[in-house]
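What follows is a single structure, written as structure tokens, with notes after it.
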Amino acid sequence: MAGINYLFPPDQILNLPTWRFVLHFEVTPAYHDGFRRQAIANLKAAQWKIITFPFGLGDLALDGSGRAFSVPIEVPEDRRRRPNSLADYESDVWKVIGNVTCDGFGDIYYEAVDWRE
């Protein structure tokens, strides 16, 4: 069973300057590249309420160490101001997790970031 680990205090989300995050899915010994390709296909087919994938989905890959599959997500500022944006965001994050999680991936690390456009 995989755990979810936060790299920022989750109760502080409303205080963050941006809603830009990376979900890192640790690779397990059962991993093969078919899991990555299926995760990308699942993410492309899903309907998203509020998040975007700022770098697209086509180039998602394992990190340089080969130990994690990383999915950058963002809630643009205009969407962040919508009523119920936090609930929609949380729903979409769980949808990302559900569309990626399989035997090839273990623990999930959730990181707040502020990349420059």
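The values are calculated or read from the model by the stated rules, or taken from the named source; none is laboratory data. Just so you know, these numbers come straight off a predicted model, no measurement behind them. We place every Cβ from the backbone using ideal geometry, glycine too, and count neighbours over all the protein chains shown. Heavy atoms of the whole protein, side chains included, go into the accessibility calculation; ligands, DNA and RNA do not. Shrake-Rupley method; radii C 1.70, N 1.55, O 1.52, S 1.80 Å.
If each Cα of the chain is one equal point scatterer, what is log10 of I(q)/I(0) from the Debye formula at q = 0.10, 0.18, 0.21 Å⁻¹?
-0.28, -0.93, -1.26
Which residue, chosen from Ile108, Ile50, Pro17, occupies the Cα position most advanced towards the positive end of the dipole of the chain, where the dipole is computed from +1 (Lys, Arg) and -1 (Asp, Glu) charges on Cβ about the Cα centre?
Ile50
Using a 1.4 angstrom probe, figure out how much accessible area the chain has per residue, in square angstrom, rounded to the nearest whole.
Numbers: 6630 Å² over 117 residues.
Using a 1.4 Å probe on heavy atoms only, each residue of the chain averages 57 Å².
With each run of n ≥ 4 DSSP H residues scored as -39500 (n - 2.57), what mean residue ellipticity at 222 nm is computed for the chain after dividing by its residue count and rounding to the nearest 500 deg cm²/dmol?
Value at 222 nm, helices only: -8500 deg cm²/dmol.
Counting Lys +1, Arg +1, Asp -1, Glu -1, what net charge surrounds Leu16 among other residues with beta carbon under 13 Å of its beta carbon?
-3
Report the gain in length on full extension from Thr101 to Gln38: 0.36 nm times residue separation, minus Cα-Cα distance, nm rounded to one decimal.
21.7 nm
Treating only the Cβ of Lys, Arg, Asp and Glu as charged (+1, +1, -1, -1), what charge dipole size does the stretch 1-114 show about its Cα centre? Round to the nearest 20 debye. Display every interim value, and only then the final one.
Numbers: 11 positive and 15 negative charges, 70 e Å.
In debye, rounded to 20, the stretch 1-114 gives about 340.
Measure off, as a whole percent, the carbon and sulfur share of the 1.4 Å-probe accessible area of the chain, all protein chains present. Don't jump to the answer; show the numbers that get you there.
Details: 3390 of 6630 Å².
C and S atoms contribute 51 percent here.
In degrees between 0 and 90, to the nearest 10, how far off the longest principal axis of the chain does helix 85-100 point, with axes built from Cα atoms?
Computed tilt is about 10 degrees.
Once you treat every alpha carbon in the stretch 21-85 as an equal point and sum by Debye, what is log10 I(q)/I(0) at q = 0.13, 0.17, 0.18, 0.21 Å⁻¹?
Listed by q, the Debye log ratios stand at -0.42, -0.66, -0.72, -0.90.
Counting pairs of alpha carbon atoms under 8 Å apart in space and at least six apart in sequence, what relative contact order in percent does the chain give?
Rounded, it is 51 percent for the chain.
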